[in-house]
Each structure stands twice: as C-alpha cells, then as structure tokens.
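Q: Here you go, one structure.
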Amino acid sequence: MAPTRSNRAVPRGGRNAPDGFTLLELLVALTVVSVAAAMFVGMFNASLGLSRSNSNVAVATELAETQLAALLRAPQDFVWTPVKGSPDLLVTANEPEPPGGYPVQAPAVTLVTKEAQQQLVKRYAQFRWAAHARLAAPDAAAYEVTVSIRWSDAQRPQTLTLTSAVARALVDKPASAVSVPAAPAPVPAPGGTTP
C-alpha cells in the first residue's frame, strides 16, 4: 500500500507548536490600534474646538441681533457722534467707547449653582460690541446701521457683523425734539371732580 497524504494543515512551527499569536503579530496589531486611537483622540479634540467655536458664534449672533433690535427700535435713545474727518459716519455711544468695544452683560438668569453662574458671567465677559451708522449718499433717507460683536476664539480675534437701516429722521433728531409721552390725563374722581 502506498503512503497517502493527509489533508490536514500542518502548524507553522511544526507539529508541536502551540496555538496563538507570534510576537510580531502582536506588535503589528498594537501599532494599528495605537494609530487608530491617536486618530480618534485628534478627532475628538477637533470636535470639541469646533463645538466651542460654534457656541461662541451662536452667542455672538444672539448678542448682535439683540443690540441691533434695540438700536432699530429706539435710535433716539443712543447718542450718535460724528467721526472726525468722515461726516457721513456716526458712532453710537452713551459714553466714550472703550478700546475693543462696549462690554456685554450676561443674561439676567439665575442658575442652579454659583459655579454655573460664574461660568456664564465669564463667558459673556469675553464679548464686546460696537455700532456705527453711515450714509450711503449725502441725501440718503436712511442710515446703514452696523453692529459688530468682537471676541477671541483660540487666541484669534473674531468679529460678527449685522447691518440694517434706520430712518435718518430718527437718528438726526435733536435731543430736544425727541417726543416724550405726555402724562396721562387725570381720571375724574367719583362726583365729577379731578384731583
């Protein structure tokens, strides 16, 4: 009888080699896992930075919209000062503008902990605002009003700007011409006499 070959696979190290991984296979697997972990940590850090940046843009947008709405609602409540050398450009100020713009106040909300309240105040303290108005032409009927919010994001200065228009008559109106609501008429007391 002729010898026959077996279809069974022969282990790598011979017939008596133990089952398992070699040192080289373990090193390659460990290298692949390390590279993948480093990539995930990098992506996680990048996503945290983007999240913080997007949150700052959302806060800046809300602040700019709020300030622009206040300017458009009652432009006569702001002092509009002409810029020297540029008669068609006005800057709004209720007091001299500090470098970088006016500070922004944190929303008047009460949070659960003092730490959360302090974080909110600290967060809003990084934002500054400024506003200016300009005439597109000397005979224009409206000022172009621009509100800018400035802050620093990852050591880089950022600015968000919103622009709208306000009637020139409301801005150019002298303080003495601003209409003040009249006092309500006295209500007659019972019996027909007024107090």
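The values are calculated or read from the model by the stated rules, or taken from the named source; none is laboratory data. All values derive from a computational prediction rather than experimental measurement. Glycine also receives a Cβ, built like all others from the backbone with ideal geometry; neighbour counts cover every protein chain displayed.
Q: Of the residues L120, L89, L72, which is outside any loop (DSSP other than H, G, I, E, B) and under 27 Å from A46 (Cα atoms)?
A: L120
Q: Does the stretch 53-68 contain at least one residue that is more than 16 Å from F127 (Cβ to Cβ) and surrounded by fewer than 11 Cβ atoms within 10 Å (Cβ to Cβ)?
A: no
Q: A further question follows. List every residue pair whose Cβ atoms lie under 8 Å apart, where the two residues are 6 or more positions apart in sequence or sit on different chains, the first residue falls within the stretch 113-142 and is in contact (Cβ under 8 Å) with a residue 24 or more places away in the chain and on the phi < 0 side of the Ramachandran plot, and the second residue, located anywhere, is assigned to a helix (DSSP H, G or I) and basic (K, R).
A: L135/R168; A140/R168; A141/R168; A142/R168
Q: Here's another thing I want to ask about it. Could you check how many residues of the stretch 43-80 are in contact (Cβ under 8 Å) with a residue 40 or more places away in the chain and charged (D, E, K, R)?
A: Residues in the stretch 43-80 being in contact (Cβ under 8 Å) with a residue 40 or more places away in the chain and charged (D, E, K, R): 2 in total.
Q: Mind checking whether some residue in the stretch 107-115 is of a type outside the set (F, W, Y), outside any loop (DSSP other than H, G, I, E, B) and loosely packed, with under 12 Cβ neighbours inside 10 Å?
A: yes
Q: Another one. Just one of (1) under 18 Å from A167 (Cα atoms); (2) assigned to a helix (DSSP H, G or I); (3) not basic (K, R) trips up W80, so point out which.
A: So W80 meets the others, but not (2).
Q: Considering (1) in a helix (DSSP H, G or I); (2) over 14 Å from the mean Cα position of the chain (by Cα), say which one S55 fails and leave the rest.
A: Only one criterion is unmet by S55, namely (2).
Okay, residues lined up against (1) modelled with pLDDT under 80; (2) in contact with a Leu (Cβ under 9 Å, 6 or more places away or on another chain); (3) among the polar types (S, T, N, Q):
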{"residue": "S6", "(1), (2), (3)": "yes, no, yes"}
{"residue": "G14", "(1), (2), (3)": "yes, no, no"}
{"residue": "T22", "(1), (2), (3)": "no, no, yes"}
{"residue": "L26", "(1), (2), (3)": "no, no, no"}
{"residue": "L48", "(1), (2), (3)": "no, no, no"}
{"residue": "T61", "(1), (2), (3)": "no, yes, yes"}
{"residue": "T66", "(1), (2), (3)": "no, no, yes"}
{"residue": "A70", "(1), (2), (3)": "no, no, no"}
{"residue": "Q76", "(1), (2), (3)": "no, yes, yes"}
